[in-house]
Amino acid sequence: MKAAYYESKGPARDVLRVGERPMPQPAAGEVRVRVYASAVNPSDTKARAGLRVKEMSFPVVIPHQDGAGVIDAVGSGLDASRVGERVWIYEANLNRPFGTAAQYTCVPGHKAVGLPASVDFTIGACMGIPAMTAHRCVFADGALDGKTILVHGGAGAVGYYAVQMAKLGGAARVLATVSRAEQAERAREAGADAVINYRSEDVAARIKEVCGAAAAVDRVIDVAFGANLAVNLAALRPSGVIATYASDAAPEPKIPFWPMLFKDITLRFVLVYAMPAQAHAEAAAFISDALKRGVLKHQIHRVFALDEIAAAHEATETMANVGKVLLRVD
């Protein structure tokens, strides 16, 4: 089969190769998927670059966690009727050497989730890490009815879905922060009731202006935890929640313990790879239902060919593009 792979870590153009690799065979409880679309996530590029783990976990790695395609074989213990099923895939590369940047990949059966016939494979490939992270951040702490939600990075891969899910979940008001006009347009498209440019506006002052009170936010979904701590603390009501999945700008933030204690703030860290099985199942069920009903919007920056995987990784690493970067796997 044709696949992209690397045998050492480093810059995309130095280490990524495209060529023939052995066809994978599904083990017990696994399905094999003919992949038609593969998503590039920041965690994929960071793993390839060796930003957190320098050593290779396996001699050869076919990258990418997320994708979509059609099941063409099943391992023992699974119903053969799944052959021919259209699916979206998540965590294909988690503790495994072979991800979705290939014509075929094998994953545990529950990680291949039914994809409606009306939904393109490129959309299915967008679902895994971003949509499941958004679901956990939005719904992990109970019902949203009547609540005000603040989504930092409301045009980002996770934030764009978080805004939509908060609205679908019944939030009374969803606020989103962005850094430029293009992102503001996307956040509004997602359904944000108010959009705040954190580069040109005082976020806390704008929240007070929009909500009528300085401490009006019930929950925060945060892509930059350390950088936003002061704003979040000012904006949150007593017993509010911060659900965060990244803190790149301030990787070791100082926690204002006493101010957070006196407000009874809950701090939730969200890593999709570490989420419990029940959280994965709930996210997959919500996403599948939303896809069937056609109620989610999606944003795609560009679909590259598999041979262009190095350029696709570089497009993801710039962090300047709005929308998902994908590979078409012919």
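With θ taken as phi - 60° and the coefficients 6.51, -1.76 and 1.60, list the Karplus ³J(HN,Hα) couplings across the range 64-80 in order, rounded to whole Hz; mark glycine and proline as x.
For the range 64-80, the Karplus curve yields 5, 7, 10, x, 7, x, 10, 5, 10, 7, 10, x, 4, x, 10, 5, 5 Hz.
Could you derive backbone 3J(HN,Hα) for the range 268-277 from the dihedral phi with the Karplus parameters 6.51, -1.76 and 1.60 (θ = phi - 60°), listing whole Hz in sequence and x where the residue is Gly or Pro?
3J(HN,Hα) across the range 268-277, in whole Hz: 10, 9, 10, 10, 4, 5, 9, 4, x, 4.
Once Rh is set to the Kirkwood radius over Cα pairs, what Stokes-Einstein translational diffusion coefficient, in µm²/s, holds for the range 238-330 at a temperature of 4 °C and a viscosity of 1.567 mPa s?
Details: Rh = 17.1 Å.
Translational diffusion coefficient: 76 µm²/s.
Find the relative contact order for the chain and round it to a whole percent, using C-alpha pairs within less than 8 Å whose residues are 6+ positions apart.
It comes to 18 percent, rounded to a whole number.
Within the chain, which is the longest segment containing none of the trypsin sites (Lys or Arg not before Pro) that sit in a DSSP loop and have at most 11 other Cβ atoms within 10 Å? Show your work: numbers first, answer last.
Numbers: sites that count: Arg52, Lys54, Arg199, Lys254.
Answer - 55-198.
By how many degrees, between 0 and 90 and to the nearest 10, does the Cα long axis of helix 181-190 differ from the longest principal axis of the chain?
Compared with the principal axis, the helix lies near 80 degrees.
Would you please report the Å³ per residue occupied by the convex hull of the alpha carbon atoms in the range 130-273? Present the calculation step by step, with values, prior to reporting the outcome.
Numbers: hull volume 14.0 nm³, N = 144.
Each residue corresponds to 97 Å³ of Cα convex hull volume.
Out of all Cα-Cα pairs in the range 1-151, roughly what percent, to the nearest whole number, are more than 22 Å apart? Before the final figure, lay out the partial values.
Numbers: 4995 of 11325 pairs.
So the portion of pairs separated by more than 22 Å is 44 percent.
Through the Karplus equation 6.51 cos²θ - 1.76 cosθ + 1.60, θ set to phi - 60°, convert the phi angles of the range 13-23 into ³J(HN,Hα) values in whole Hz; use x for Gly and Pro.
Ordered by residue, 3J(HN,Hα) equals 6, 7, 10, 7, 10, 10, x, 7, 10, x, 5 Hz.
Would you order Cys211, Cys106, Cys137, Cys126 from fewest to most other beta-carbon atoms within 10 Å of each residue's own beta-carbon?
Values: Cys211 18, Cys106 21, Cys137 29, Cys126 26.
Going from sparsest to densest Cβ surroundings: Cys211, Cys106, Cys126, Cys137.
Return the inverse of the average 1/r over all pairs of distinct C-alpha atoms in the chain, which is the Kirkwood hydrodynamic radius, in Å to one decimal. Before the final figure, lay out each step's value.
Details: mean 1/r = 0.0491 Å⁻¹.
Taking the inverse mean of 1/r over all distinct Cα pairs, the chain comes out at 20.4 Å.
May I ask you to compute the full-extension gain from Leu261 to Ala117, defined as 0.36 nm times their residue separation minus their alpha-carbon distance, rounded to one decimal in nm? Write out the running numbers ahead of the final one.
Numbers: separation 144, 0.36 × 144 = 51.84 nm, distance 4.91 nm.
My answer for the length gained is 46.9 nm.
Work out, step by step, the length gained on full extension between Val83 and Asn95: first 0.36 nm times the residue separation, then minus their alpha carbon distance; give nm to one decimal. Write down the numbers at each step before the final one.
Details: separation 12, 0.36 × 12 = 4.32 nm, distance 2.49 nm.
1.8 nm is the gain from fully extending Val83 to Asn95.
Determine the gain in length on full extension of the stretch Glu55-Lys292; use 0.36 nm per residue of separation and subtract their C-alpha separation, reporting nm with one decimal.
Details: separation 237, 0.36 × 237 = 85.32 nm, distance 4.11 nm.
Difference between extended and current length: 81.2 nm.
Hey, with R₀ at 35 Å, roughly what FRET efficiency would Asp14 and Arg199 work out to, going by the Cβ-Cβ distance, to 0.05? It would help to have the intermediate numbers written out before the result.
Details: r = 34 Å, r/R0 = 0.96.
Result of the calculation: an efficiency of 0.55.
Would you mind checking which residues have amide H under 5 Å from Ala39's amide H? H placed 1.01 Å from N; only 5 or more apart, or other chain.
Answer set, sorted by chain and number: Asp66, Gly67, Leu327.
Which whole-number percent gives the relative contact order of the range 214-330, counting Cα pairs below 8 Å spaced six or more residues apart?
Values: 142 pairs, mean separation 22.0, N = 117.
Relative contact order, the range 214-330: 19 percent.
Give, to the nearest whole percent, the P(r) tail of the range 73-164 beyond 20 angstrom, counting all Cα pairs.
Value for the range 73-164 (Cα pairs over 20 Å): 49 percent.
Every number in this text was worked out from the coordinates using simple rules, so none of it is lab data. It should be emphasised that the depicted structure is a prediction, and the values quoted were computed from it without experimental measurement. We place every Cβ from the backbone using ideal geometry, glycine too, and count neighbours over all the protein chains shown.
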